[in-house]
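J.: The structure is given below, and queries will be raised subsequently.
The values are calculated or read from the model by the stated rules, or taken from the named source; none is laboratory data. Fair warning: this is a prediction, and the values are worked out from it, not measured in the lab. Don't worry about glycine lacking a Cβ; one is built from the backbone with ideal geometry, like all the others, and counts go over all protein chains shown.
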């Protein structure tokens, strides 16, 4: 696939129009540690969150289409990381409902997720368990027809504003996934330490929180299946966001170096500067091609395409890091100005190589696939 199908190009353009309408407040929104009301209102009105939910529960497609989500994120993250995150996390936080087989819970929550009337959160990370999710300490136990959840989650995206959490817990010798509404007694949300690119984060305490037995999103001990389904569907969309960010950084550097003159000519005409930007352009196109291919394959069989999605995530986020660094270098002192567009993109790019699978963790997994002869 070398060109986007017309319907996917239309989604990319639709997301770009939304992002452009929010450009005047993007800098403010990207510094927020709570959901920006204006961004949420615009995203809600756009209906784009319907891309994160299946058709039967108010979404746009019969199944969530990874390519549609990916190209939307490419357009959104080019302008505002806050907008991109709010959109993407509706899918990341809610997808377990769509694949769990718990149709009653899905019918209760997913139409609200699609309309952005409810904000979703996926609660995995703990103080002593980041990439090593099998080491989580949060527990769930069945008691008198209820499930009782106890534990501590940290650095949870949307944590401060989520209406519900899908919570990975230890249960006996296995792991289970449980839905916990945010407003229940025993649920306490505190701010997480803020990161270099501000984000809506929260630390969540579950102090013997009781939910009905019907709030299971997996069979007892089967919690990793819906988590893996979420990862398989949405990991590649991080690559889309990274491509959009890298393109925005290159555009900013090209604009500056075409307008600014030194030594009697535009900066871009000075060999080393132009060559840096040409290399960035090349790498972006390579990352975009792999990302689109991986997302297309994920739409056919997300689990079978996880190796491609993982490669795209690593390739695009590492590319974004190099591109923003070169862009800052090409812009000289103007690339270092705090509060500038390029400075915001620089800070936003760095966490992408850590969240939703750190580069080294993903490469280690891919290396094991190679060692097994399964490539």
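J.: Could you tell me which of the residues 298, 312, 330, 302 is outside any helix (DSSP H, G or I), surrounded by 17 or more Cβ atoms within 10 Å (Cβ to Cβ) and touching a residue at least 60 places away in the same chain (Cβ under 8 Å)?
T.: Of 298, 312, 330, 302, the one residue that is outside any helix (DSSP H, G or I), surrounded by 17 or more Cβ atoms within 10 Å (Cβ to Cβ) and touching a residue at least 60 places away in the same chain (Cβ under 8 Å) is 302.
J.: Scanning for something free of Cβ contacts under 8 Å to residues at least 60 places away in the same chain, buried (at least 21 other Cβ atoms within 10 Å of the Cβ) and out of contact with any helix residue (DSSP H, G or I) (no Cβ under 9 Å at 6 or more places or on another chain), does segment 72-90 turn up at least one residue?
T.: no
J.: Restricting attention to segment 28-37, report how many residues are farther than 13 Å from residue 86 by Cα and under 19 Å from the mean Cα position of the chain (by Cα).
T.: 1
J.: Residues in segment 26-57 that are under 28 Å from residue 340 (Cβ atoms) and free of Cβ contacts under 8 Å to residues at least 24 places away in the same chain: how many?
T.: Counting residues in segment 26-57 that are under 28 Å from residue 340 (Cβ atoms) and free of Cβ contacts under 8 Å to residues at least 24 places away in the same chain gives 4.
J.: Still on this structure: Out of segment 93-132, which residues are within 18 Å of residue 222 (Cα to Cα), more than 18 Å from the chain's Cα centre (by Cα) and in contact (Cβ under 8 Å) with a residue 60 or more places away in the chain?
T.: 99, 100, 102, 105
J.: Could you tell me which residue of segment 127-160 is modelled with the highest pLDDT, considering only residues that are part of a strand (DSSP E or B), out of contact with any strand residue (DSSP E or B) (no Cβ under 6 Å at 6 or more places or on another chain) and surrounded by 15 or more Cβ atoms within 10 Å (Cβ to Cβ)?
T.: Selected residue: 157.
J.: From 13, 33, grab the single residue that is part of a loop (DSSP other than H, G, I, E, B) and either farther than 16 Å from residue 115 by Cα or modelled with pLDDT of 95 or more (or both).
T.: Exactly one residue qualifies, and that residue is 33.
J.: How about segment 164-186: which of its residues are surrounded by fewer than 18 Cβ atoms within 10 Å (Cβ to Cβ) and at negative phi? Break it down into steps so the answer makes sense when it comes.
T.: Pass one, segment 164-186, residues surrounded by fewer than 18 Cβ atoms within 10 Å (Cβ to Cβ): 172-174, 181, 183-186.
173, 174, 181, 183, 184, 185 - these are the residues of segment 164-186 that are surrounded by fewer than 18 Cβ atoms within 10 Å (Cβ to Cβ) and at negative phi.
J.: Being part of a strand (DSSP E or B) and either under 17 Å from residue 59 (Cβ atoms) or in contact with a helix residue (DSSP H, G or I) (Cβ under 8 Å, 6 or more places away or on another chain) (or both): is that true of residue 121 here? Even if it seems obvious, please write down each step before you answer.
T.: Values: part of a strand (DSSP E or B): yes; either under 17 Å from residue 59 (Cβ atoms) or in contact with a helix residue (DSSP H, G or I) (Cβ under 8 Å, 6 or more places away or on another chain) (or both): yes.
Considered against the rule, which asks whether it is part of a strand (DSSP E or B) and either under 17 Å from residue 59 (Cβ atoms) or in contact with a helix residue (DSSP H, G or I) (Cβ under 8 Å, 6 or more places away or on another chain) (or both), residue 121 comes out as yes.
J.: Among the residues of segment 225-258 satisfying the criterion of being touching a strand residue (DSSP E or B) at 6+ places or on another chain (Cβ under 7 Å) and over 30 Å from residue 97 (Cα atoms), which is surrounded by the most Cβ atoms within 10 Å (Cβ to Cβ)?
T.: Within segment 225-258, the match that is surrounded by the most Cβ atoms within 10 Å (Cβ to Cβ) is 257.
J.: Separate question: Does residue 59 satisfy the criteria of being within 23 Å of residue 214 (Cα to Cα) and not in a helix (DSSP H, G or I)?
T.: No; evaluated as a whole, the condition is false for this residue.
J.: OK, next. Out of 193, 198, which single residue is at pLDDT below 95 and either crowded, with 22+ Cβ neighbours inside 10 Å or closer than 27 Å to residue 112 by Cβ (or both)?
T.: Answer to the check: 198.
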